[in-house]
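The values are calculated or read from the model by the stated rules, or taken from the named source; none is laboratory data. These figures come from a predicted structure and were not determined experimentally. Please note: Cβ atoms are built from the backbone with ideal geometry, for glycine as well, and neighbour counts cover all protein chains shown. Just so you know, the surface numbers come from the protein's heavy atoms only, side chains and all, with ligands and any DNA or RNA stripped out. Shrake-Rupley method; radii C 1.70, N 1.55, O 1.52, S 1.80 Å.
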Amino acid sequence: MKKIVLILMLAIVFNGIANAQHEVKSLSLQPKIGLNLSKLTNHYDSDFKPGMVVGLDAEWQTKAKFGWSVGLLYSQQGTKYALGDFKYTYNYNYINVPMLANFYVARNLALKTGLQLGFNVSNGYTIEGPGMKENRNDPDVKAVEASIPLGVSYEFNQFVVEARYNLGLTYAVPRTKFSTFQFTLGYRFNVVNGN
């Protein structure tokens, strides 16, 4: 919650010096691809596990310095840890739907926050140990999980570089939530020009 308040305060402070990013009432699409680094919190001594993220964002520019966006992202998430001689690797695949408020605090620079719903489409884990390797399904995975995205993006020549942290709100599996860093590169183009 403190991070959200900080981002909103920064948006207000920089509001006076912010420049218009896109035309008001414009609608843009942004295909994107990138890297996730995710882990489950309070889940043994978990380490971050890399995965891919790919999808599409759409943004409606409602004001010169503010816009709303919604995305549809395929996201590989998970975690990994070791217990004695055994290594556990959890692989969870999600369709994530981030719904964000975008604050343009300087030319080409936006701060973002909102809510993301994640829908689990497949899951499983691998156990590796002396002389064995076994794949299993994880029956404890929740079908839907929610998180708060906190992000920053910078646009140059329609290319958008973005860093985002997704703070888990609900349990992905019992007593554990996701903590995910996401780094993406997208290409933004207008489908509806503003007035």
Q: Read through the list (1) within 18 Å of L40 (Cβ to Cβ); (2) in contact with a Gly (Cβ under 6 Å, 6 or more places away or on another chain); (3) among the hydrophobic types (A, V, I, L, M, F, W, C); (4) open to solvent by less than 10 Å² (accessible area, probe 1.4 Å), then give the number of the only condition that F86 fails.
A: (4)
Q: Taking the residues in region 40-94 that are assigned to a loop (DSSP other than H, G, I, E, B) and under 18 Å from the mean Cα position of the chain (by Cα) as candidates, determine which candidate is nearest to Q30 (Cα to Cα).
A: F48
Q) If you take the residues in region 18-53 that are of a type in the set (A, V, I, L, M, F, W, C) and under 28 Å from R175 (Cα atoms), which one is surrounded by the fewest Cβ atoms within 10 Å (Cβ to Cβ)? A) M52
Q) For Y81, which of the numbered conditions (1) farther than 15 Å from S38 by Cα; (2) surrounded by fewer than 18 Cβ atoms within 10 Å (Cβ to Cβ) fails to hold? A) (1)
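Tell me the strands (runs of 3 or more DSSP E) entirely within region 105-195 that contain at least 3 residues that are surrounded by 15 or more Cβ atoms within 10 Å (Cβ to Cβ). Break it down stepwise before answering.
Values: elements: 109-129, 132-136, 144-156, 159-168, 178-187, 189-192.
Counting at least 3 such residues, we get 109-129, 144-156, 159-168, 178-187.
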Q: From V191, V152, V161, grab the single residue that is touching a Leu at 6+ places or on another chain (Cβ under 7 Å), closer than 15 Å to I33 by Cα and aliphatic (A, V, I, L, M).
A: V161
Q. Picking from L185, L150, which residue would you name as being within 17 Å of G114 (Cα to Cα) and within 14 Å of the chain's Cα centre (by Cα)?
A. L150
